[in-house]
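Report on the following structure.
The values are calculated or read from the model by the stated rules, or taken from the named source; none is laboratory data. Note that the structure is predicted; figures quoted are calculated from it, not measured. Neighbour counts are summed over all protein chains in view; Cβ atoms, including those assigned to glycine, are modelled from backbone coordinates with ideal geometry.
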Amino acid sequence: MLRVRGTVRPRPEGTKNAKLPTGEVEIAATEIEVLNESKTPPFYVNEETEVEETLRWKYRYVDLRRERSRDILKLRHEVTNFIRNFFVERGFWEIETTMMIRSDPTGARDFIVPSRYYPGKFWALPQSPQMLKQILMVGGIDKYVQIARCFRDEDPRADRIYELTQLDVEMAFAEPDDVMAILEECYTAVVERFAKKPLHRKPWPRITFDDAVRRYGSDRPDTRFAMELVDLTDAFRGTAFAVFRDAIADGGAVRAIVVPGKADATRKDIDGWTAVAKTRGAKGLVSFAFAESEVRSPVAKFLSTDELAKLRRASGAKNGDLVLAVAADYHTASVSIGTLRSHLGATLGLADQSTHHAMWVHRFPMFERTPEGGWTFSHNPFAGPLTAEDASLMETDPGKAR
């Protein structure tokens, strides 16, 4: 760090640099004093080079000097401020809820904060302001919004994080369509104001939870590429191949995707994709590579010519394509092959990068099975049945209640 005394003057012609903030001027120094010596920076600040993330976090104060890091912080500030103003202009009150609450046994694990004054007693950091904002509704505040900090002691998975910021909105005396309408308006405005890519479609398409799982194997599907799931259960009904036969006999399904042009995938490729499917409960992954006159598969010897022909028809696979299949109960088979679909979309570059795709997934199930065979809430314990019929299903057939 230097302290310089001198005269600021215009740069001579031919030396001006419009790319620099001070490119029009220079200092004719009369005195220079070294205030502090500097070590060599751990990475370049003025050049956009790839830097290992752990090194960036270790020297966060240096990383913040990089243009990209500052641009991200600025964008975050502008988007947050835009959203805040959007809701305030529509009559919402921004209210900060407490950060120290009673532990709630539902949802993820809590971060626990021990009390110094009351040994053996604990606070919890909020997983969301859900109960607190409902108290506001009961208290007569009918439109609430908060840019809320939430904490969840989660396993470090790709779609989980310990600490997050969420847009939290609550409206009293509102129908589902009212809530979806204002959120769609907000996020559409954010994309149009700040994003470099347009929305693929307005208004946003809507899809039921059941259709999302059936077509994409996910309740948050990536629709930027096709490769929808196909059901091969009927094609293999009555097969001698034990893996498929037993799953179908137990009421399960054979769910698959067709990967275009990947019939030449290696054993290493298949093993890697199998590992991805297993993260969501699949016990294995069966592959079928289609060529002109044959179907290459580790299980081809267990299947009849008629079954392989049914497979081709049911999947719609063409020569050069690869079919990847999972046999399990319907939900596990769908979700595990859907997770692989998302993985392949990212790693094979299948997704359309020119637009943003947004959609509503609705009619979520209220309950799902536990590993012990009981029932637990599917997504949110603070939900009510959609219709009177759904309310009665809670007693007679909980798995069908929405």
Query raised in the report: Can you tell which of I32, I27, I72, I95 is of a type outside the set (D, E), at pLDDT 90 or above and within 22 Å of V145 (Cβ to Cβ)?
Result: I95
Query raised in the report: In the set V79, V34, which member is under 28 Å from the mean Cα position of the chain (by Cα), among the β-branched types (V, I, T) and either closer than 30 Å to I95 by Cα or exposed (fewer than 10 other Cβ atoms within 10 Å of the Cβ) (or both)?
Result: V79
Query raised in the report: Looking at this structure, is R201 part of a loop (DSSP other than H, G, I, E, B) and either modelled with pLDDT under 95 or of a type in the set (D, E, K, R) (or both)?
Result: yes
Query raised in the report: Which condition does P298 not pass, out of (1) of a type outside the set (D, E, K, R); (2) touching a residue at least 40 places away in the same chain (Cβ under 8 Å); (3) in a loop (DSSP other than H, G, I, E, B), if it passes all the others?
Result: (2)
Query raised in the report: So V276 fits all but one of (1) in contact with a Ser or Thr (Cβ under 7 Å, 6 or more places away or on another chain); (2) β-branched (V, I, T); (3) free of Cβ contacts under 8 Å to residues at least 24 places away in the same chain; what number is the exception?
Result: (3)
Query raised in the report: Picking from D155, D264, D178, which residue would you name as being outside the structural domain of I141 (by TED's automatic domain parsing) and surrounded by fewer than 18 Cβ atoms within 10 Å (Cβ to Cβ)?
Result: D264
Query raised in the report: Would it be correct to say that K318 is over 23 Å from the mean Cα position of the chain (by Cα), within 25 Å of P221 (Cα to Cα) and surrounded by 14 or more Cβ atoms within 10 Å (Cβ to Cβ)?
Result: no
Report summary line: Apart from one, (1) touching a helix residue (DSSP H, G or I) at 6+ places or on another chain (Cβ under 8 Å); (2) farther than 30 Å from A195 by Cβ; (3) among the charged types (D, E, K, R); (4) not in a loop (DSSP other than H, G, I, E, B) all hold for E31; the odd one out is (1)
Requested in this report: Could you check V230 against (1) surrounded by fewer than 20 Cβ atoms within 10 Å (Cβ to Cβ); (2) within 15 Å of S334 (Cα to Cα) and say which number it fails?
Outcome: (1)
Query raised in the report: Restricting attention to segment 38-60, does a residue exist that is at pLDDT 90 or above and in contact with a strand residue (DSSP E or B) (Cβ under 8 Å, 6 or more places away or on another chain)?
Result: no
Query raised in the report: Among the residues of segment 321-330, which ones are crowded, with 19+ Cβ neighbours inside 10 Å and not aliphatic (A, V, I, L, M)?
Result: D321
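Looking for whichever is in contact with a helix residue (DSSP H, G or I) (Cβ under 9 Å, 6 or more places away or on another chain), of a type in the set (K, R) and over 30 Å from A401 (Cα atoms) here; the options are K197, K268, K278. Which one fits? Give the steps one after another, and end with the answer.
Values: K268 fails: in contact with a helix residue (DSSP H, G or I) (Cβ under 9 Å, 6 or more places away or on another chain); K278 fails: over 30 Å from A401 (Cα atoms).
After ruling out the rest, the residue left standing is K197.
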Requested in this report: Name the strands (runs of 3 or more DSSP E) wholly inside segment 341-398 in which the number of residues that are within 17 Å of the chain's Cα centre (by Cα) and surrounded by 12 or more Cβ atoms within 10 Å (Cβ to Cβ) is 2 or more.
Outcome: 360-362
Query raised in the report: Taking interchain pairs and intrachain pairs at least six residues apart, which have beta carbon atoms under 6 angstrom, with the first residue in segment 114-129 and in the same structural domain as S103 (by TED's automatic domain parsing) and the second small (G, A, S) and buried (at least 18 other Cβ atoms within 10 Å of the Cβ)?
Result: P129/A148
Report summary line: Within segment 37-47, residues surrounded by 10 or more Cβ atoms within 10 Å (Cβ to Cβ) and either within 17 Å of R70 (Cβ to Cβ) or among the acidic types (D, E) (or both) come out as P41, F43, Y44, V45
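Here's the yes/no breakdown for (1) charged (D, E, K, R); (2) within 15 Å of D153 (Cα to Cα); (3) surrounded by 14 or more Cβ atoms within 10 Å (Cβ to Cβ):
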site	(1), (2), (3)
F92	no, no, yes
S103	no, yes, yes
Y117	no, no, no
P129	no, no, yes
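Return yes or no: is T165 touching a helix residue (DSSP H, G or I) at 6+ places or on another chain (Cβ under 6 Å) and of a type in the set (S, T, Y)? Show your work before the answer.
Working: touching a helix residue (DSSP H, G or I) at 6+ places or on another chain (Cβ under 6 Å): no; of a type in the set (S, T, Y): yes.
So T165 does not fit the description; no.
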Report summary line: Considering residues that are closer than 28 Å to E67 by Cβ, surrounded by fewer than 11 Cβ atoms within 10 Å (Cβ to Cβ) and not polar (S, T, N, Q), the number found within segment 13-31 is 5
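To keep it simple, each residue is scored yes or no on (1) over 23 Å from E94 (Cβ atoms); (2) more than 21 Å from the chain's Cα centre (by Cα).
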position	(1), (2)
K143	no, yes
A148	no, no
F151	no, no
E163	no, no
V169	no, no
D177	yes, yes
I182	no, yes
T188	no, no
Query raised in the report: Listed residues R255, R245; which is touching a strand residue (DSSP E or B) at 6+ places or on another chain (Cβ under 7 Å) and in the same structural domain as R313 (by TED's automatic domain parsing)?
Result: R255
**Report entry** Residues located in segment 207-263, provided they are β-branched (V, I, T), assigned to a loop (DSSP other than H, G, I, E, B) and closer than 21 Å to K283 by Cα
**Finding:** T233, T239
